[in-house]
Structures are given as C-alpha cells and as structure tokens.
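**Student:** Have a look at this one.
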Amino acid sequence: MGEPAMNGLDQLRARLASLRRRRRLARWIVAYSALAVAVLWALAAVLLGDWLLDMDYPQRLVMLGACTGGVLWAFYRFSRPWLAWSESLIDMALLVQRQEQIDSDLVAALQFESPEAPAWGSVQLEQAVIAQAAEMSRRVRPVLDVPRRLISRRLMALLATLAVASACMWWFPEYLRTFVDRLLFRPAHYPTRTTIESVTINGTAIDLSDRKDIKCPYGLPLRL
C-alpha cells in the first residue's frame with residue numbers, strides 16, 4: 001500500500017516542480033528581455049552620439065559611463081524585481097491551494113515525506129492524505145505571477161529592437177565595424193562621402209581632369 005502512495009506523491013512533486021520552472025521561466029523572460037532592450041538601445045545611443053559628434057577618447061568614456069548608468073538603472077527598475085526571490089515546492093503547494101480553494105492537503109502530503117512523519121500519528125491517515133493529494137495533483141494548473149500582457153509587450157519590444165538592429169547591421173556594416181574599433185579605442189573613422197569640386201594650390205586653380213604634375217617652388221609651403 002505504501003508504494004502507490006509514494007508514486008502519487010512523486011507525481012505531485014513532479015507537477016509542482018514543473019509549475020515552478022514555468023513561473024521561473026516567465027520571470028526570466030520578463031527580466032532579461034528588458035535588460036537586452038536596454039543594452040541594445042544604450043549601444044545605439046553611443047553609436048549615434050559618436051558618429052554625430054566625432055568624439056575623442058575622453059568624450060567616448062563619458063558617453064559609455066552615462067549609458068552604463070542607464071543600463072544599470074533599467075536593470076534595477078525593470079529586471080531585478082523579477083529575479084529577487086525563489087520558490088520552494090511548499091510555496092508552490094500553497095499557491096495551488098489558494099488558486100483551487102482547497103484545504104492544506106497538498107502541503108501536508110509534502111511534509112509527510114520527512115523522516116519524523118511516522119511519529120506524528122497514524123501512518124494509514126498519512127497515506128490517505130498523500131493519496132488524496134496525488135489525486136488533486138491532476139487538477140494543478142499553471143499559476144503565473146507575471147501578467148501575460150507584460151510578457152507579450154516585453155517580447156515584442158525585444159523583437160522590434162532586434163529587427164531594427166539587424167537591419168542597421170545589414171545596411172551599414174562598415175559603420176558597425178568602425179564603431180567596434182572605436183569602442184576598443186583603436187584609431188578608426190566613420191566612412192564619409194567626400195566630393196572634391198575644386199582644388200587650389202598656392203592660389204592657382206587645378207584642372208582635376210588634367211593628370212599633369214603640378215610644379216611648385218621647392219622649399220615653399222603649399223596652401224591647399
């Protein structure tokens with residue numbers, strides 16, 4: 001008679017463990033999607049500022065520090081609250097009991113696993129409680145503490161950000177390579193489209209279509 005009861009209790013524990021994993025996954029999705037969006041938009045801000053202002057090393061350090069502060073603020077504001085706690089199987093049993101509006105049989109069945117349980121009273125009563133809890137485990141449904149609309153919004157924000165970032169990397173790969181080099185403080189400049197309309201050397205206009213050498217007095221400076 002003891003073996004079926006233990007099998008039923010194992011089933012209850014498996015369902016509660018699966019429920020706990022689903023809740024933890026939902027919290028991770030909400031937390032880390034917000035963090036990923038914050039990091040990507042911070043990098044976009046650094047790239048835009050560096051490209052528009054042609055920042056030198058100190059300016060880039062200040063910009064990186066400011067964006068890092070923004071990412072940390074976003075983590076503490078939008079991610080950390082969903083990562084601040086963990087749940088045991090007893091916690092999950094209490095949640096299920098409140099959702100299903102049932103008595104404390106689930107928690108009691110889990111507590112009967114302890115080595116001291118046979119000394120608490122009738123073993124037959126304990127096995128009956130475990131069997132009843134195992135039957136109730138079939139009614140266990142997901143108990144999510146994260147609103148589904150919040151999960152959808154943050155996933156959509158992450159997908160939209162990734163789509164924009166992918167499109168920019170596809171259309172402007174040379175800017176991305178230059179940005180990475182400048183983040184690593186290597187000597188690099190963003191691509192430009194310079195058009196030379198005219199050239200004047202020491203006050204003399206040069207015909208760009210003429211490939212003749214330009215003669216200037218030796219030792220004098222050139223004014224272009």
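The values are calculated or read from the model by the stated rules, or taken from the named source; none is laboratory data. Computed from a prediction, not measured in an experiment: that's the story for all the values here. Here Cβ is always computed from backbone atoms with ideal geometry, including for glycine, and neighbour counts include all displayed protein chains. Only protein heavy atoms, including side chains, enter the accessible area calculation; ligands, DNA and RNA are left aside. Shrake-Rupley method; radii C 1.70, N 1.55, O 1.52, S 1.80 Å.
**Student:** Which members of the stretch 44-64 meet the condition of being surrounded by 19 or more Cβ atoms within 10 Å (Cβ to Cβ) and of a type in the set (Asp, Glu)?
**Tutor:** Hit for the stretch 44-64 is 50, nothing else.
**Student:** A further question follows. Go through the stretch 186-210 and give me each residue that's open to solvent by less than 60 Å² (accessible area, probe 1.4 Å) and assigned to a loop (DSSP other than H, G, I, E, B).
**Tutor:** If the condition is that a residue be open to solvent by less than 60 Å² (accessible area, probe 1.4 Å) and assigned to a loop (DSSP other than H, G, I, E, B), then 188, 190, 191, 202 are the ones that fit.
**Student:** Shifting gears a bit: Could you list, in sequence order, the residues of the stretch 126-183 that are among the polar types (S, T, N, Q) and at pLDDT 90 or above?
**Tutor:** The first filter runs over the stretch 126-183 and keeps only residues among the polar types (S, T, N, Q), leaving 127, 132, 137, 152, 161, 166, 178.
Result: 152, 161, 166, 178.
**Student:** Which residue pairs have Cβ atoms closer than 7 Å, lie 6 or more positions apart in sequence or on different chains, and pair a first residue in the stretch 155-183 that is more than 24 Å from residue 30 (Cα to Cα) with a second residue that is open to solvent by less than 40 Å² (accessible area, probe 1.4 Å)?
**Tutor:** From residues that are more than 24 Å from residue 30 (Cα to Cα), the pairs are 175/190; 178/188; 178/190; 179/50; 181/188; 182/50; 182/60; 182/188.
**Student:** Do any residues in the stretch 72-89 that are farther than 20 Å from residue 18 by Cβ have Cβ atoms under 8 Å from those of residues that are assigned to a helix (DSSP H, G or I) and open to solvent by 100 Å² or more (accessible area, probe 1.4 Å), where the two are at least six apart or on different chains, and which pairs are they?
**Tutor:** Listed by first residue and then by second, the contacts come to 79/32; 83/28.
**Student:** Report the residue count in the stretch 34-64 for those that are β-branched (Val, Ile, Thr) and more than 24 Å from residue 159 (Cα to Cα).
**Tutor:** Residues of the stretch 34-64 β-branched (Val, Ile, Thr): 37, 39, 46, 62.
Narrowing further to those that are more than 24 Å from residue 159 (Cα to Cα): 62.
The qualifying residues number 1.
**Student:** Counting just the residues of the stretch 11-43 that are hydroxyl-bearing (Ser, Thr, Tyr) and under 21 Å from residue 75 (Cβ atoms), which one comes out surrounded by the most Cβ atoms within 10 Å (Cβ to Cβ)?
**Tutor:** From the stretch 11-43, those hydroxyl-bearing (Ser, Thr, Tyr) are 18, 32-33; that's our starting set.
Filter again for under 21 Å from residue 75 (Cβ atoms), leaving 32-33.
Numbers: 32: 16, 33: 21.
If we take residues in the stretch 11-43 being hydroxyl-bearing (Ser, Thr, Tyr) and under 21 Å from residue 75 (Cβ atoms), then 33 is surrounded by the most Cβ atoms within 10 Å (Cβ to Cβ).
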